[in-house]
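Asks: One structure, pasted below without further comment.
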Amino acid sequence: MASEDEDYFLPLEQVRPFSSGVRRKRVQFVRSSDLDTTATPTPASSSGTSIADTYLSIVMKQAPSSPSSPSSPSSPTQCAPSPPIRTQSAPPAQAIIPPPPTVTVPAAPEFCDVCNIPLPPQDIEDATGKKHRPHEASLVHQICLTHSHPPSHLDRTRQGLRYLSTYGWDPDSRLGLGAPGREGIREPIKPRVKLGTAGLGTGLDRDGDPLPPRPAPTKVQKLNSKQMRIKVAEDKKRAERIRKAFYQNDDVLKYLGEGV
Amino acid sequence: MSDNRSDSEGGARAKRQKTDAGDPKNNPYLAHMYENENVSSDNGPLAKFKRHQTTSALAKKAEDGDINPFSGRPFSSKYFSILKTRRDLPVHTQRDEFLQLYQQSQILVFVGETGSGKTTQIPQFVLYDDLPQTQGKMVACTQPRRVAAMSVAQRVAAEMDVKLGEEVGYSIRFEDMTGPKTIMKYMTDGMLLREAMNDPNLTRYSTIMLDEAHERTMATDILMGLLKEVVVRRPDLKIIIMSATLDAQKFQRYFMDAPLLAVPGRTHPVEIFYTPEPEQDYVEAAVRTVLQIHATEGEGDILLFLTGEEEIEDASRKISLEGDEMVREADAGPLKVYPLYGSLPPHMQQRIFDPAPPPRRPGGRPGRKVIVSTNIAETSLTIDGIVYVVDPGFSKQKIYNPRIRVESLLVSPISKASAQQRAGRAGRTRPGKCFRLYTEGAFKKELIESTYPEILRSNLSSTVLELKKLGVDDLVHFDLMDPPAPETLMRALEELNYLACLDDDGNLTQLGRLASDFPLDPALAVMLISSPEFYCSNEILSITALLSVPQVFVRPPAQRKRADEMKNLFAHPDGDHLTMLNVYHAYRGADAQANPKQWCHDHFLSHRALQSADNVRSQLLRIMERQDLEMISTSFEDKKYYENIRRALCAGFFMQVAKKDTGGKSQYLTIKDNQNVLLHPSTVLAHEAEWVLYNEFVLTTKNYIRTVTAVKPEWLLDIAPTYYDINSFPKGDIRSALTRAADRLAHKEKIRAEKRR
């Protein structure tokens, strides 16, 4: 199985709720030859996509997702870093072909079709003996992926939305209305209330760039006699400190015997 | 209806074409339409004219002839004197170029700066080439404003030496000045849109011109979207898009790269000045700038742009006072100040065309006039003699917020295009100067490129209703130049659904179809249509008319107290709608009709507004009669007389209701949108009603609701049960109040049922 040689790095979904089981050598099982008998998904499939496929096959009982669940024997290759995600959706015939072919041709560097950078050769993992991070997890790859946006805030039960949806508008498409290719604005224009008679561009400098916010005018504070006394004393101390900083001469101090 | 020509053949043709989807040329019933396509019908001055093959030389000969080719009467002497000035207009030199492009392509984009004569001349060029009379069709030219449609039609009728309303006419909302002979029709863009609702292929027209397209009014935008579809169905229809600004490429791109013809306007260079620092108070800076120009600059009138009536009156007064002082102290030339804004009576608006005052003594400093205006002087009015423009960079703009369903007029920075347009006003007669009261940096960075078109700033409920009536169901892919935000469209669909103009699947209902026949907001239309159920259609009709015209109450700043006293004579304790109705009834009374002008003056009412309300009322009455809506009233002695009217108001305005807030004094909370509002100080509502219905939400420093009437929650539950579905309200004051009202209603029902037994 996938994690035969490495007992330390257990995929998260296989981690038991108690810690003792983590370091212990796992008890190995072999798959039943009769595929139909197992209803529950085997925990061996460690790849995220195969799990997703399994869930999809439960939720949407459609043909296309079913061949991927028996193809879980091919999961060792999927766990390995190199092949890009796209190849996993290859026809089920690949499941029969053993993985070695990809390993045997390290000379021709493969390019990831998402980020267009050469993929690291697979055998590096074995050479250093250290687990390599999958290419898909690299920062470059993640940045190049098409970004998915949070869904629109619109209330899906609105009658108006239903109408627009029947004519093919998708609130999450981040497109406005209108003929294809010439879509309009997505959000209504925001009204801004202007009060008073301040001229255009107040708060901007000569080039039209916003000025730094002006410090709020300091409030005049009234002090009672005690606070006043403290303040006077503080001011005196500060004045003394400043005077020292400016006029103090080390030589003079030495002479006076203070600076030691 | 679809064809105003008297011959029955023409009518039949129009009808036939509507049902025939294929190419009309293949239709044997229409063969007559094309056989004489290139043959002139008579032996008059146009005998040699071949449709869409004429030249300017040919047209010139006809224009110089003795007989008017359109009316058949001899030309008057006045005609020839106007003709001479017409030939001096910039567009005239490019008549041949225009005709070639017009003949070659179906759609043409025409750019002519203000003063090029495009609005008056291009339609006449088209008439001499398109010869719509031979086809039994008309040429239409749309204008964004009613006044423009009227005045341009008048001018063109004079230029063509025909009587207004015969060959040349106009059609605006609530007024149709066309006849069976009309071949040239000026109309508001909204009117053409209304016509399209009943005649989707616009079969009455052979050429349609959309003038002032750069203003991007709602109706022009929708029309452009429609015409894009109509030109495919009607290859014989020609379209000219006329714009005054340089964003013509945008129109070209939108109309499948239609050819473009540009005619230079007659403009002079304008020098532009900016302030080095932003101004702290733009009104004060504007006043100072005007006086500074008066003191230091040469002869020439000044145009100052400000935002609203109050600001304009205030600034005018200040300039006047200071100007007088300058005359006394510094021997400056006399200064005359004219305010200009939409709600100013026409005779006052007319004064802006008065010449500047003469010097006080011969050889003295020249006089000067100052016009302080809203942005109506930016595009719609052309005032000659302006040499200096003062532009503070603001205007009042309508903006709609679909999240709280409030349409408001807000003072906002103008756009760069708008600022250019304003500056251009200084170069009409000779080189001018434009003083911008902001920095160049602010111009570059603060101002948007061009003003947002109206369709992005408005409530779309009446537009959606119109589009549905026009048969446009796919509102998602309807090809607009600037499609509105999805949320705004959703709101409109939901409002129409609550008003029962659209069913739950978004199909037009019978009520919606009826409502779209009225040139009114859907809420008003629905209120009017359902008023017979409340036995008060006469009264609701009057109220609708009053709500469709400018404010009837006049409140001059000097006589506020007296004006308020007079208003109180008509006051009804239950609200402003009923007060307005009282005013209308009094105005129609014998006392007032003896001398209505004097009566209105005495009672601080706007005679103009009441007159137009009268006019609107009779127009709406005609539509109601056509739709077989019953005109009834509850007997005035019946104690339910006013209650019925208030109930009928709820039928249209149940979405504009506020409930008194339990916390604050005279604070109200709008239903569903939960906005804190106050009653507008102008209200006559005598008691602090728990529930009020309002006509208008005014967004200023405080949120006000204006024109309010007290209503009862029971009525709302009864009239609009889906909108007031108690389960849809969050727990709170409003929900519990509604629950109590529902209980009371159920209780009453029970008693009534028991009595019946």
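The values are calculated or read from the model by the stated rules, or taken from the named source; none is laboratory data. This structure is a prediction, so every number in the text was calculated from the model and none was measured. Don't worry about glycine lacking a Cβ; one is built from the backbone with ideal geometry, like all the others, and counts go over all protein chains shown. All accessible areas refer to the heavy atoms of the entire protein, side chains included, with ligands and DNA or RNA removed. Shrake-Rupley method; radii C 1.70, N 1.55, O 1.52, S 1.80 Å.
Asks: I'd like the per residue volume of the convex hull spanned by the Cα atoms of the stretch B:148-283, given in cubic angstrom.
Replies: Taking only Cα atoms, the stretch B:148-283 has a hull volume of 191 Å³ per residue.
Asks: Treating only the Cβ atoms of Lys and Arg (+1) and Asp and Glu (-1) as charged, compute the dipole magnitude of chain B about its Cα centre; round to the nearest 20 debye.
Replies: Dipole size: approximately 780 debye.
Asks: Based on DSSP H runs of at least 4 residues, each adding -39500 (n - 2.57), what is the mean residue ellipticity at 222 nm of chain B after dividing by all its residues, to the nearest 500 deg cm²/dmol?
Replies: Result for chain B: -12500 deg cm²/dmol, rounded to the nearest 500.
Asks: Let me ask something else. Going by the alpha-carbon gyration tensor, a ≥ b ≥ c the square roots of its eigenvalues, is chain B rounded (a/c under 1.5) or, if a/c is not under 1.5, prolate (a/b greater than b/c) versus oblate?
Replies: Taking the square roots of the gyration eigenvalues as a ≥ b ≥ c, chain B is oblate.
Asks: In addition: Sort B:666-677, B:587-598 for me by packing, meaning the mean count of neighbouring Cβ atoms within 10 Å per residue, highest on top.
Replies: B:666-677, B:587-598
Asks: Here's a follow-up. Working out 0.36 nm times the residue gap between A:Ser225 and A:Tyr247, then minus their Cα-Cα distance, what length gain in nm do you get to one decimal?
Replies: Full extension of this stretch gives 4.7 nm more.
Asks: If you don't mind, there's one more thing I want to ask. Just checking the output field for B:440-446: average partner chain Cβ neighbours within 10 Å of each residue's Cβ?
Replies: 5
Asks: Between B:Asn615 and B:Met197, what is the spin-label point distance in nm, taking each point 7 Å from the Cα along the Cα→C-beta axis?
Replies: Taking the simple label geometry, B:Asn615 and B:Met197 are separated by 2.0 nm.
Asks: Also, I was wondering about something else. List the residues whose amide H sits under 5 Å from the amide H of B:Lys238, counting only those 5 or more places along or on another chain, with H placed 1.01 Å from N in the peptide plane.
Replies: Under 5 Å from the amide H of B:Lys238: B:Thr207, B:Ile208.
Asks: Just grab the label-to-label distance for B:Ser343 and B:Asp503, each label 7 Å out from Cα along the Cβ direction, in nm (one decimal).
Replies: With each label point 7 Å from Cα toward Cβ, the separation is 4.4 nm.
Asks: Report for the stretch B:270-453 the percent antiparallel among DSSP-assigned beta bridges with both residues inside it, nearest 5.
Replies: The antiparallel proportion sits near 25 percent.
Asks: Tally Lys and Arg at +1 and Asp and Glu at -1 over the other residues with C-beta under 12 Å from the C-beta of B:Glu454: what net charge comes out?
Replies: Local net charge: -2.
Asks: Then there's this: Considering amide H positions built from the backbone, and no H for Pro or chain starts, which residues 5 or more places from B:Val698, or on another chain, come under 5 Å of its amide H?
Replies: Amide H neighbours of B:Val698: B:Tyr704, B:Ile705, B:Arg706.
Asks: Moving to a separate point now. What's the center-to-center distance, using Cα atoms, between the stretch B:127-200 and the stretch A:137-158 in Å?
Replies: Their Cα centres are 54 Å away from one another.
Asks: Wrap a convex hull around the Cα atoms of the stretch B:654-756, take a quarter of its surface area, and give that in square nanometres.
Replies: Result: a mean projected hull area of 7.5 nm².
Asks: Say R0 is 56 Å: what FRET efficiency, to the nearest 0.05, do B:Glu313 and A:Val140 get from their beta-carbon distance?
Replies: According to the calculation, E is roughly 0.30.
Asks: Find how many whole Å separate the alpha carbon centroid of the stretch B:688-705 from the alpha carbon centroid of the stretch B:625-642.
Replies: Spelled out, the Cα-based centre of one part sits 28 Å from the other.
Asks: Which order do B:Tyr79, A:Tyr247 take when ranked by solvent-accessible area (1.4 Å probe, heavy atoms of all protein chains), largest first?
Replies: A:Tyr247, B:Tyr79
Asks: Among B:Glu63, B:Glu565, B:Glu212, B:Glu310, what's the order by accessible area (1.4 angstrom probe), most exposed first?
Replies: B:Glu310, B:Glu565, B:Glu212, B:Glu63
Asks: Using a 7 Å offset from Cα along Cα-Cβ at B:Phe174, what residues in the stretch B:542-562 end up with backbone N under 15 Å from the label point?
Replies: B:542-553
Asks: Normalized C-alpha radius of gyration of the stretch B:300-416, against 2.2 N^0.38 Å?
Replies: Taking N as the residue count of the stretch B:300-416, the ratio is 1.23.
Asks: Of the listed pairs B:Lys561/B:Lys665; B:Lys396/B:Lys665; B:Lys468/B:Lys672; B:Lys60/B:Lys238; B:Lys672/B:Lys748, which have alpha-carbon separations greater than 29 Å here?
Replies: Check vs 29 Å cut-off fails for B:Lys396/B:Lys665.
Asks: Mind ordering B:414-424, A:162-172 by average Cβ neighbours within 10 Å, highest first?
Replies: B:414-424, A:162-172
Asks: What order, most packed first, do the peptides B:332-338, B:357-363, B:478-484 have when packing is the mean number of other Cβ atoms within 10 Å of each residue?
Replies: B:478-484, B:332-338, B:357-363
Asks: Given the protein chains as shown and a 1.4 Å probe, how many square angstrom of A:Lys226 are accessible, to the nearest 10?
Replies: Roughly 130 Å² of A:Lys226 is accessible to a 1.4 Å probe.
Asks: Here is a further query. In the stretch A:217-260, what is the volume of the convex hull around the alpha carbon atoms, normalised per residue and reported in Å³?
Replies: 96 Å³
Asks: Hey, can you grab everything whose amide H is under 5 Å from the amide H of B:Val411? Only 5+ residues off in sequence or another chain; H modelled, so Pro and N-termini drop out.
Replies: Under 5 Å from the amide H of B:Val411: A:Lys194, B:Gln397.
Asks: While we're on this one: Could you pull the accessible area for A:Ile143 with a 1.4 Å probe, rounded to 10 Å²?
Replies: Its heavy atoms expose roughly 120 Å² to the probe.
Asks: Could you work out, for the stretch B:48-263, what percent of all Cα-Cα pairs fall into each 10 Å distance bin, beginning at 0 Å and stopping at the bin that holds the largest distance?
Replies: Pairs per bin, as whole percents: 8, 37, 40, 14, 1.
Asks: Report, in whole Å, the centroid distance computed from the Cα atoms of the stretch B:317-349 and the stretch B:376-438.
Replies: Rounded to whole Å, the Cα centres lie 20 Å apart.
Asks: Work out, step by step, the length gained on full extension between B:Gln559 and B:Gln53: first 0.36 nm times the residue separation, then minus their alpha carbon distance; give nm to one decimal.
Replies: 175.7 nm
Asks: Evaluate E = 1/(1 + (r/R0)^6) for B:Asn676 and B:Asp743, where r is the Cβ-Cβ distance and R0 equals 30 Å; express this FRET efficiency to the nearest 0.05.
Replies: With a Förster radius of 30 Å, E is 0.60.
Asks: Could you calculate the contour length gain from B:Asp474 to B:Arg360, that is, 0.36 nm times the residue separation minus the distance between their Cα atoms, to one decimal place in nm?
Replies: Between B:Asp474 and B:Arg360, full extension yields 34.4 nm more.
Asks: What figure, in Å² to the nearest 10, do you get for the accessible area of B:Glu749 with a 1.4 Å probe and non-protein molecules left out?
Replies: Counting only protein heavy atoms, the figure is 100 Å².
Asks: Also, I was wondering about something else. Can you give the FRET efficiency for B:Glu754 and B:Leu569, using 1/(1 + (r/R0)^6), R0 = 45 Å, r = Cβ-Cβ distance, to the nearest 0.05?
Replies: 0.50
Asks: Using every alpha carbon pair in the stretch B:460-624, what percent of pairs falls into each 10 Å bin from 0 up to the bin containing the largest distance?
Replies: Over the stretch B:460-624, the share of Cα pairs per 10 Å bin runs 10, 31, 26, 20, 11, 2 percent.
Asks: Add +1 for every Lys or Arg and -1 for every Asp or Glu among the other residues with Cβ under 9 Å from the Cβ of B:Ser71, and state the total.
Replies: Once all neighbours under 9 Å are counted, the net charge is 0.
Asks: Compare B:Leu745, A:Leu139, A:Leu256 by solvent-accessible area with a 1.4 Å probe and give them largest first, with all protein chains kept in place.
Replies: Accessible-area ranking of B:Leu745, A:Leu139, A:Leu256, largest first: A:Leu139, A:Leu256, B:Leu745.
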